[in-house]
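The values are calculated or read from the model by the stated rules, or taken from the named source; none is laboratory data. Remember, predicted model here, so these are calculated numbers, not experimental data. Positions of Cβ are generated from backbone atoms using ideal geometry, with glycine treated the same way; all protein chains shown enter the neighbour counts.
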Amino acid sequence: MIAQAPLLSPEHIAMIDKGVSAIVASRNAANRPSLMRAVGTGISADGAEITVYLSRSQSRQLLQDVAATGQLAVVFSEPLSHRTVQVKARAARLRAADDSDLPCLRRYLASMEREVGCVGFDAVFVRAMLACRLEDTVAIRFAPCQAFDQTPGPRAGSALPAA
């Protein structure tokens with residue numbers, strides 16, 4: 001059995017791991033899109049598994065679509081540089097967030113306060129934008145099966161070379 005090369009480079013893994021803006025999208029059976037800003041993200045050290053966190057009350061359609069299809073796409077973007085990577089998955093799994101997710105969610109919030117602060121918005125804005133009670137938070141875990149450079153410019157939309 002041949003091991004598949006990782007989809008994400010160490011640089012992309014580090015960008016996602018530090019906590020940058022994340023928009024999650026899916027679609028229903030009729031190909032109608034749904035999307036929402038994540039309130040947190042996490043990635044395994046090797047980039048093989050990613051977790052995004054959503055507000056259940058604000059993401060009902062998106063969560064229904066992911067539950068029905070298992071498919072999603074997530075765009076991770078650094079607010080200051082616009083460096084952006086998109087990953088896609090075919091077998092995403094949903095679960096209620098719990099206390100074990102709090103360190104990841106807190107780390108993401110702190111990083112986003114810094115990231116969005118670089119473009120002129122203060123921490124109060126970021127805390128309001130990402131506010132979500134733990135009991136309203138859903139974790140979606142997935143193994144990315146495709147990855148694309150979405151940084152504005154001539155390579156936008158191109159598949160990332162295997163790491």
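Here are some residues: R90, R114. Which one is among the basic types (K, R), farther than 19 Å from L35 by Cβ and either modelled with pLDDT of 95 or more or surrounded by fewer than 18 Cβ atoms within 10 Å (Cβ to Cβ) (or both)?
After applying the criteria, what remains is R114.
Which of the residues spanning region 131-154 are surrounded by 15 or more Cβ atoms within 10 Å (Cβ to Cβ) and closer than 17 Å to A25 by Cα?
Answer for region 131-154, where residues must be surrounded by 15 or more Cβ atoms within 10 Å (Cβ to Cβ) and closer than 17 Å to A25 by Cα: T137, V138, A139, I140, R141, F142, A143, P144, A147, F148, D149, Q150.
Given (1) free of Cβ contacts under 8 Å to residues at least 60 places away in the same chain; (2) charged (D, E, K, R); (3) over 17 Å from S21 (Cβ atoms), identify the lone condition not met by E49.
Evaluating E49 over (1) free of Cβ contacts under 8 Å to residues at least 60 places away in the same chain; (2) charged (D, E, K, R); (3) over 17 Å from S21 (Cβ atoms) leaves (1) as the failure.
Take the conditions closer than 14 Å to L54 by Cα, modelled with pLDDT of 95 or more, assigned to a helix (DSSP H, G or I) and hydrophobic (A, V, I, L, M, F, W, C) and apply them to L105. Does it pass?
yes
From the set of residues in region 10-36 that are among the small types (G, A, S) and touching an Asp or Glu at 6+ places or on another chain (Cβ under 6 Å), which is farthest from A91 (Cα to Cα)? Explain how you work it out, then say what you get.
Restricting attention to region 10-36, the residues satisfying the condition of being among the small types (G, A, S) are 14, 19, 21-22, 25-26, 29-30, 34.
Narrowing the set further to residues that are touching an Asp or Glu at 6+ places or on another chain (Cβ under 6 Å) leaves 26, 34.
Working: S26: 12, S34: 17 Å.
The selected residue is S34.
Name, by its number, the condition in (1) of a type outside the set (S, T, Y); (2) crowded, with 18+ Cβ neighbours inside 10 Å; (3) closer than 20 Å to S26 by Cα; (4) within 15 Å of the chain's Cα centre (by Cα) that does not hold for L109.
(3)
Would you confirm whether or not region 53-69 contains a residue that is closer than 16 Å to G19 by Cα, surrounded by 13 or more Cβ atoms within 10 Å (Cβ to Cβ) and under 16 Å from the mean Cα position of the chain (by Cα)? Before you say what the answer is, go through the steps one by one.
Applying the first criterion (closer than 16 Å to G19 by Cα) to region 53-69 yields 53-54.
Then keep just the ones that are surrounded by 13 or more Cβ atoms within 10 Å (Cβ to Cβ); that gives 53-54.
From the residues that got through so far, the ones that are under 16 Å from the mean Cα position of the chain (by Cα) too are 53-54.
Yes, some residue in region 53-69 is closer than 16 Å to G19 by Cα, surrounded by 13 or more Cβ atoms within 10 Å (Cβ to Cβ) and under 16 Å from the mean Cα position of the chain (by Cα).
For residues that are in a strand (DSSP E or B) and among the aliphatic types (A, V, I, L, M), scanning just region 75-102, find the one that is farthest from A48 (Cα to Cα).
Of everything passing the filter in region 75-102, A96 is farthest from A48 (Cα to Cα).
Does M129 satisfy the condition of being touching a residue at least 24 places away in the same chain (Cβ under 8 Å), touching a Lys or Arg at 6+ places or on another chain (Cβ under 8 Å) and in a helix (DSSP H, G or I)?
On the way: touching a residue at least 24 places away in the same chain (Cβ under 8 Å): yes; touching a Lys or Arg at 6+ places or on another chain (Cβ under 8 Å): yes; in a helix (DSSP H, G or I): yes.
When the stated conditions are applied, M129 passes them.
Say we look at region 40-52 and pick out the residues that are part of a loop (DSSP other than H, G, I, E, B), of a type in the set (G, A, S) and at negative phi; which of these is surrounded by the fewest Cβ atoms within 10 Å (Cβ to Cβ)?
A45
Inside region 117-130, can you point out the residues that are farther than 21 Å from S59 by Cβ and surrounded by 13 or more Cβ atoms within 10 Å (Cβ to Cβ)?
Looking only at region 117-130, we keep the residues that are farther than 21 Å from S59 by Cβ, and these are 117-124.
Listed by number, the residues that qualify are G117, F121, A123.
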